[in-house]
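Note sheet for the following structure.
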Amino acid sequence: MDPQHELLAQGKHLRLVRVGGWEFAERVRISGVVCIVALTSDQRLLLVEQPRVPVGCRVIELPAGLAGDTSQTPGEPLEDAAARELVEETGYRAPSMSRVFAGPVSPGMTNEEITFFLARNCEPAESRSVDITEEITVHAVPLPVVETWLAKQASSGKTIDIKVYTGLYIACKLDQ
C-alpha cells in the first residue's frame, strides 16, 4: 500500500483508505476487473442475472469478474480473466475477443478500473466450471429487443447494472 494511504479498515476483499481528506475503497489482491460484451453469431447479447446483497435484489449484468483474485491466478492477464469469466458465468466461449476500453467505475468512491472486452461469435463451451458461491441465470437476448427486454426486467423489480448500457453501446457501435 502507498505510504500516503492511511488504512481505515480492511476485510478479505476490500480496504477503506484515506489520502488527505479523501476516503475511498480499494480491492485487495487483484490484477484488474473485466467486463465482457458477449455476442453470439445470431446477434444475441449474453446477460447474467444474480442476486446482489448490497442492492437487495436480483441484478441484470454483463458477464464480469476479477482478474488474479485466487491463489491459482495471481497477476492474471486481463484477457485471460475475461475468457475465464465468460465461460464460468455464461457457459459460452469466444473464438474472438478484443479489448475495447478501460476506465474508473465510480471515481469518487473507489480507485477500481474496469476493462471492457468485446467477444464475438460466442458459442456454448464444451465444459463449464461453475463457481458454487454464485447463483447465476444466463439470458441470451436478441440484440434488437434488448432495450424492451431490459425495461420489462426493471418493471418486474430487478435492477439493471449501468454497465449493460455501456455494453449496448459497444455492441451497436463497435460490432460492425
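Counting only residues that are surrounded by 15 or more Cβ atoms within 10 Å (Cβ to Cβ) and either among the polar types (S, T, N, Q) or farther than 28 Å from Pro77 by Cα (or both), the stretch 136-148 holds 3 of them.
Of everything in the stretch 155-165, what is outside any helix (DSSP H, G or I) and either among the β-branched types (Val, Ile, Thr) or open to solvent by 70 Å² or more (accessible area, probe 1.4 Å) (or both)? Give them in sequence order. Scanning the stretch 155-165 gives Ser156, Thr159, Ile160, Ile162. Only one of the numbered conditions (1) open to solvent by 50 Å² or more (accessible area, probe 1.4 Å); (2) acidic (Asp, Glu); (3) touching a helix residue (DSSP H, G or I) at 6+ places or on another chain (Cβ under 8 Å) is not met by Glu79, and that is (3).
Looking only at the stretch 83-106, decide whether some residue is free of Cβ contacts under 8 Å to residues at least 12 places away in the same chain, open to solvent by 30 Å² or more (accessible area, probe 1.4 Å), among the polar types (S, T, N, Q) and within 18 Å of Ile30 (Cβ to Cβ). Scanning the stretch 83-106 turns up at least one residue that is free of Cβ contacts under 8 Å to residues at least 12 places away in the same chain, open to solvent by 30 Å² or more (accessible area, probe 1.4 Å), among the polar types (S, T, N, Q) and within 18 Å of Ile30 (Cβ to Cβ). For the stretch 20-98, which strands (runs of 3 or more DSSP E) that fit wholly inside it have 2 or more residues that are under 18 Å from Leu150 (Cα atoms) and of a type in the set (Val, Ile, Thr)? Strands (runs of 3 or more DSSP E) meeting the threshold: 32-40, 57-61.
Only residues that are assigned to a helix (DSSP H, G or I) and more than 25 Å from Val105 (Cα to Cα) were counted across the stretch 140-154, and they come to 4.
Could you check how many residues of the stretch 107-135 are open to solvent by 40 Å² or more (accessible area, probe 1.4 Å) and among the hydrophobic types (A, V, I, L, M, F, W, C)?
The initial filter retains those residues of the stretch 107-135 that are open to solvent by 40 Å² or more (accessible area, probe 1.4 Å), namely 107-109, 111, 113, 120-121, 123-124, 126-135.
Restricting the remaining residues to those that are among the hydrophobic types (A, V, I, L, M, F, W, C) gives 109, 130, 132.
Summing the residues that are open to solvent by 40 Å² or more (accessible area, probe 1.4 Å) and among the hydrophobic types (A, V, I, L, M, F, W, C) in the stretch 107-135 gives 3.
Name every residue in the stretch 1-15 that is closer than 20 Å to Ala67 by Cα and either in contact with a Pro (Cβ under 6 Å, 6 or more places away or on another chain) or surrounded by 11 or more Cβ atoms within 10 Å (Cβ to Cβ) (or both), in order of residue number. Reasoning before the result, please.
If we filter the stretch 1-15 for residues that are closer than 20 Å to Ala67 by Cα, which is where we start, we get 1, 10-15.
Result: Met1, Gln10, His13, Leu14, Arg15.
Name the residues in the stretch 16-70 that are crowded, with 17+ Cβ neighbours inside 10 Å, free of Cβ contacts under 8 Å to residues at least 40 places away in the same chain and under 30 Å from Pro95 (Cα atoms), would you? Correct list: Ile30, Pro63, Gly65, Leu66, Ala67, Gly68.
Among residues of the stretch 108-130 that are assigned to a loop (DSSP other than H, G, I, E, B), those with a Cβ under 7 angstrom from a residue that is hydroxyl-bearing (Ser, Thr, Tyr), sequence gap 6+ or separate chain, pair up as Ala125/Tyr92.
The values are calculated or read from the model by the stated rules, or taken from the named source; none is laboratory data. Bear in mind the structure is a predicted one, so any value in this text is a computation, not a measurement. When we count neighbours, we look across all protein chains shown, and the Cβ atoms used for this are built from the backbone with ideal geometry, even at glycine. Accessible surface areas use protein heavy atoms only, side chains included; no ligands, DNA or RNA. Shrake-Rupley method; radii C 1.70, N 1.55, O 1.52, S 1.80 Å.
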